[in-house]
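Some notes on the structure that comes next.
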Amino acid sequence: MSVPVAEIVRSGFVEGRHHGAVVALDADGAVAWSVGDVTSQILPRSTNKPLQAVGMAGLGLDLPPRLLALAAASHSGEEIHLAGVREILGSAGLTEQALGNIVDLPLDPAVRDQWLRDGREPSKLVQNCSGKHAAMLVTCKLNGWDLTTYRDADPPLQRLMA
């Protein structure tokens, strides 16, 4: 059950409320404080990207800040993002063919519409998670791990990031 966890207040007037659940753990991992239902399963999806990027950095990934930001976020498929993903891959001698993410169209509607007007097909490169996937591949290559199974639950990359 979600409960109000934050309010947007302007000039003393509550303009909106964000509902959810919040949990704080102590150093031993025990619940120190919580509000809402913190035991239900969640699917954090892209909110894990910054944590995964920190994990990859701890495993040797060394990217300049602008590319680390691309690895830690979703992107809208603009050319600056695609160039960044290519640069991440290129730093390890990889190409977009190594990416294991799904094919998609750009996330941003204007970019997507132009993409389609230009007659371009969906691709792994333009999919909004390609920066993270490129960083995962580079991390695997740096450590001598298999590049074809990096998305599976058992390979070293996933186990060590977890």
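The values are calculated or read from the model by the stated rules, or taken from the named source; none is laboratory data. Keep in mind that what you see is a predicted model, and the values were worked out from it rather than measured. In this analysis, Cβ positions are derived from the backbone assuming ideal geometry, glycine residues included, and neighbour counts consider all displayed protein chains.
Some values worked out for this structure:
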read-out: Options Ala110, Ala135, Ala92, Ala98; residue that is of a type outside the set (Lys, Arg), assigned by TED's automatic domain parsing to the domain that holds Gln52 and more than 21 Å from Ala72 (Cβ to Cβ); value: Ala110
read-out: Set Val3, Val23, Val31: member being in contact with a Leu (Cβ under 8 Å, 6 or more places away or on another chain) and of a type in the set (Val, Ile, Thr); value: Val31
read-out: Thr149 being among the hydroxyl-bearing types (Ser, Thr, Tyr) and within 22 Å of Pro50 (Cβ to Cβ); value: no
read-out: Test: residue in segment 102-110 that is in contact (Cβ under 8 Å) with a residue 24 or more places away in the chain, of a type in the set (Gly, Ala, Ser) and on the phi < 0 side of the Ramachandran plot; value: no
read-out: Top-ranked residue in segment 96-105 [being touching a helix residue (DSSP H, G or I) at 6+ places or on another chain (Cβ under 9 Å) and assigned to a loop (DSSP other than H, G, I, E, B); ranked as nearest to Asp118 (Cα to Cα)]; value: Leu105
read-out: Candidate set: segment 32-50, residues that are in a helix (DSSP H, G or I) and in contact (Cβ under 8 Å) with a residue 24 or more places away in the chain; chosen: the one surrounded by the most Cβ atoms within 10 Å (Cβ to Cβ); value: Lys49
read-out: Check on Gly29, assigned to a loop (DSSP other than H, G, I, E, B), over 21 Å from Cys129 (Cβ atoms) and not hydrophobic (A, V, I, L, M, F, W, C); value: yes
read-out: Selected residue (criterion: surrounded by the most Cβ atoms within 10 Å (Cβ to Cβ)) from residues of segment 76-95 that are among the aliphatic types (A, V, I, L, M), touching a residue at least 24 places away in the same chain (Cβ under 8 Å) and under 20 Å from Asp118 (Cβ atoms); value: Val85
read-out: Pair list, Cβ < 9 Å and 6+ apart or interchain, from segment 121-143 residues that are within 18 Å of Gln52 (Cα to Cα) to residues that are among the basic types (Lys, Arg) and not in a helix (DSSP H, G or I); value: Ser130/Lys124; His133/Lys124; His133/Arg151; Met136/Arg151
read-out: Neighbours by Cβ (under 7 Å, 6+ apart or cross-chain): first from segment 1-22, outside any strand (DSSP E or B); second at pLDDT 95 or above; value: none
read-out: Candidates Ile42, Ile88, Ile102 - the one that is closer than 27 Å to Ala153 by Cβ and modelled with pLDDT under 95; value: Ile42
